[in-house]
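Q: Structure in structure tokens, see below.
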Amino acid sequence: MGLKGKHIVLGITGSIAAYKSASLIRLLVKEGAEVQVVITPSGKEFVTPLTLATLTQKPVVSEFFDRRDGSWHSHVSLGLWADLMLIAPASAATLAKMATGVADNMLLTTYLSMKAPVWVAPAMDLDMYHHEATQQNLRLLQERGVRIVEPGSGFLASGLEGKGRMEEPEEIARLVRVFFEEETTEAPRSPLHGMEVLITAGPTYEPIDAVRFVGNYSTGRMGYALAQACALRGATVHLVSGPTALPDPEGVHVVRVATAMEMLLACEQVAPKSRLAIFSAAVADYRPLEVASGKIKREATGEAMALSLIKNPDIAATLGARKTTSQVMVGFALETSTDITETQRKMERKGMDLMVLNSLSDAGAGFATATNKVTLLDRKGIVSAYELKSKEAVARDILDYLETHFTWN
């Protein structure tokens, strides 16, 4: 059986989708898993502990203490026992508490003590799911390593139709089985393992005076996702980052800069020894010709203020011109349309081996989003278009393409 000997903590929260948990338990147990249910007080309003205990052959854990004999349930022990914690359904309230570290019930203390991987299968009405607070909580949890089992679309308990339905038990059980099968199968070593990789990320800020600058809306998330994905494949990653609020990716050497000139100088230190370079930073094309000392007073400029700008160096083109035959360089092109003609010209002009096109005309792509939609173009004329995905998933797609379409011997 696919899950034989695996210990799974199944968290159940207060959602109408809790009725699906019974089917999920049956499928996991049928695969050979031992399932321990931890349910929130509101979850018991939707499915009874008796039903769950009958299916798992284990007492359901809900309270910290057993009121009959004074014994207590150890969330720490559960965290050590489990091979996987799966919260299905995961309500908006529980997701918010997980994101902020609130520990006001047994399920949440178990999560905070969990040593094993944690998955959540959200279930809620479409407006709650799409609310920015919920989406921000999901992004934060994902950044911390929690796997999100995306909800499906369909009729909801409110009578509305849209995204928010908990994924079906059969699909969740399949994903769990595949996860453990992949875990026990030794994956082939990535061609990037041990490779020196240079990645640029974020915007650059070009000062006008002591408090103002010329810049753009880039958050750096795409470049940081690429850096983390490379590090997970065993690469030695040098991330040259413009100003961003993102934390340093784990296992990545980060050099933080502000301006395009500073970014170029930092890249020049690393580029000669890098086998792969990915230029995902949104470098400002221009900088002020003169930088005022102190702060420019609006009273001194009159009704209009003229700002003279000069071109910044094109970092990708500069380093592309110095590229050796053994190096592979990847450029990014943010356009206002999906026409690939301009991107192809940029690839030739900058000496890139692969270009990543993303268009502002695609909803959910570009700056300040958690998602991206890209098209990859290489010198062989291959054009590969991808669907809208999280930037973390896009990073994996780009690296997969590099591993399979380029020679790394």
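The values are calculated or read from the model by the stated rules, or taken from the named source; none is laboratory data. Just so you know, these numbers come straight off a predicted model, no measurement behind them. In this analysis, Cβ positions are derived from the backbone assuming ideal geometry, glycine residues included, and neighbour counts consider all displayed protein chains. Note: areas computed on protein heavy atoms with side chains; ligands, DNA, RNA excluded. Shrake-Rupley method; radii C 1.70, N 1.55, O 1.52, S 1.80 Å.
Q: What do you reckon, is Gly294 out of contact with any Pro (no Cβ under 9 Å at 6 or more places or on another chain), open to solvent by less than 20 Å² (accessible area, probe 1.4 Å) and not β-branched (Val, Ile, Thr)?
A: Details: out of contact with any Pro (no Cβ under 9 Å at 6 or more places or on another chain): yes; open to solvent by less than 20 Å² (accessible area, probe 1.4 Å): no; not β-branched (Val, Ile, Thr): yes.
No: the conditions fail for Gly294.
Q: How many residues does region 333-345 contain that are surrounded by fewer than 23 Cβ atoms within 10 Å (Cβ to Cβ) and in contact with a strand residue (DSSP E or B) (Cβ under 8 Å, 6 or more places away or on another chain)? Talk me through it step by step, then tell me what you get.
A: Initially, region 333-345 is screened for residues surrounded by fewer than 23 Cβ atoms within 10 Å (Cβ to Cβ), giving 333-342, 344-345.
Adding the requirement that they be in contact with a strand residue (DSSP E or B) (Cβ under 8 Å, 6 or more places away or on another chain) leaves 333-338, 340, 342, 344.
So the count comes out to 9.
Q: Which of the residues spanning region 351-386 are within 21 Å of Tyr217 (Cβ to Cβ), small (Gly, Ala, Ser) and assigned to a strand (DSSP E or B)?
A: The one that is within 21 Å of Tyr217 (Cβ to Cβ), small (Gly, Ala, Ser) and assigned to a strand (DSSP E or B): Ser359.
Q: I'd like to know if region 310-318 contains one or more residues that are part of a loop (DSSP other than H, G, I, E, B) and surrounded by fewer than 18 Cβ atoms within 10 Å (Cβ to Cβ). Explain how you work it out, then say what you get.
A: Restricting attention to region 310-318, the residues satisfying the condition of being part of a loop (DSSP other than H, G, I, E, B) are 312-314.
Next, from what is left, pick out any that are surrounded by fewer than 18 Cβ atoms within 10 Å (Cβ to Cβ): 313.
Within region 310-318, one or more residues are part of a loop (DSSP other than H, G, I, E, B) and surrounded by fewer than 18 Cβ atoms within 10 Å (Cβ to Cβ).
Q: Please state which of the following conditions Glu348 fails to meet, knowing it meets all the rest: (1) open to solvent by 20 Å² or more (accessible area, probe 1.4 Å); (2) in a helix (DSSP H, G or I); (3) in contact (Cβ under 8 Å) with a residue 40 or more places away in the chain.
A: Of everything listed in (1) open to solvent by 20 Å² or more (accessible area, probe 1.4 Å); (2) in a helix (DSSP H, G or I); (3) in contact (Cβ under 8 Å) with a residue 40 or more places away in the chain, Glu348 misses just condition (3).
Q: Ok, one more. Yes or no: region 347-358 includes at least one residue that is more than 25 Å from Leu264 (Cα to Cα) and over 22 Å from the mean Cα position of the chain (by Cα).
A: Within region 347-358 (the criterion being more than 25 Å from Leu264 (Cα to Cα) and over 22 Å from the mean Cα position of the chain (by Cα)), the answer is no, since none of the residues qualifies.
Q: While we're looking at this one, here's another question. Go through (1) over 24 Å from Ala393 (Cβ atoms); (2) assigned to a helix (DSSP H, G or I) for Ala103 and report which single condition fails.
A: (2)
So that you can scan it fast, the table gives a plain yes or no per residue for (1) without any contact (Cβ under 8 Å) to a residue 60 or more places away in the chain; (2) not in a loop (DSSP other than H, G, I, E, B):
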{"site": "Leu86", "(1), (2)": "no, yes"}
{"site": "Ala93", "(1), (2)": "no, yes"}
{"site": "Lys97", "(1), (2)": "yes, yes"}
{"site": "Thr109", "(1), (2)": "yes, yes"}
{"site": "Lys115", "(1), (2)": "yes, no"}
{"site": "Arg139", "(1), (2)": "no, yes"}
{"site": "Gly145", "(1), (2)": "yes, no"}
{"site": "Lys163", "(1), (2)": "yes, yes"}
{"site": "Glu170", "(1), (2)": "no, yes"}
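Q: Continuing with this model, one more query. List every residue pair whose Cβ atoms lie under 6 Å apart, where the two residues are 6 or more positions apart in sequence or sit on different chains, the first residue falls within region 119-135 and is closer than 27 Å to His7 by Cα, and the second residue, located anywhere, is among the β-branched types (Val, Ile, Thr) and open to solvent by 40 Å² or more (accessible area, probe 1.4 Å).
A: Listed by first residue and then by second, the contacts come to nothing, as the list is empty.
Q: Tell me, yes or no, whether region 230-251 has at least one residue that is touching a residue at least 40 places away in the same chain (Cβ under 8 Å), among the acidic types (Asp, Glu) and either open to solvent by less than 50 Å² (accessible area, probe 1.4 Å) or out of contact with any strand residue (DSSP E or B) (no Cβ under 8 Å at 6 or more places or on another chain) (or both).
A: no
Q: Could you list all residues from region 287-334 that are hydroxyl-bearing (Ser, Thr, Tyr) and in contact with a helix residue (DSSP H, G or I) (Cβ under 9 Å, 6 or more places away or on another chain)?
A: Taking region 287-334 first, the residues hydroxyl-bearing (Ser, Thr, Tyr) are 293, 301, 308, 318, 324-326.
Thr318, Thr324 - these are the residues of region 287-334 that are hydroxyl-bearing (Ser, Thr, Tyr) and in contact with a helix residue (DSSP H, G or I) (Cβ under 9 Å, 6 or more places away or on another chain).
Q: Could you tell me which of the residues Thr204, Thr200 is open to solvent by less than 40 Å² (accessible area, probe 1.4 Å), within 30 Å of Thr407 (Cα to Cα), of a type in the set (Val, Ile, Thr) and at pLDDT 90 or above?
A: Working: Thr204 fails: within 30 Å of Thr407 (Cα to Cα).
Exactly one of Thr204, Thr200 is open to solvent by less than 40 Å² (accessible area, probe 1.4 Å), within 30 Å of Thr407 (Cα to Cα), of a type in the set (Val, Ile, Thr) and at pLDDT 90 or above, namely Thr200.
Q: List pairs: first in region 270-290 and closer than 17 Å to Glu403 by Cα, second of a type in the set (Asp, Glu) and at pLDDT 95 or above, Cβ under 6 Å, 6+ apart or cross-chain?
A: From residues that are closer than 17 Å to Glu403 by Cα, the pairs are Ser274/Glu196; Arg275/Glu196.
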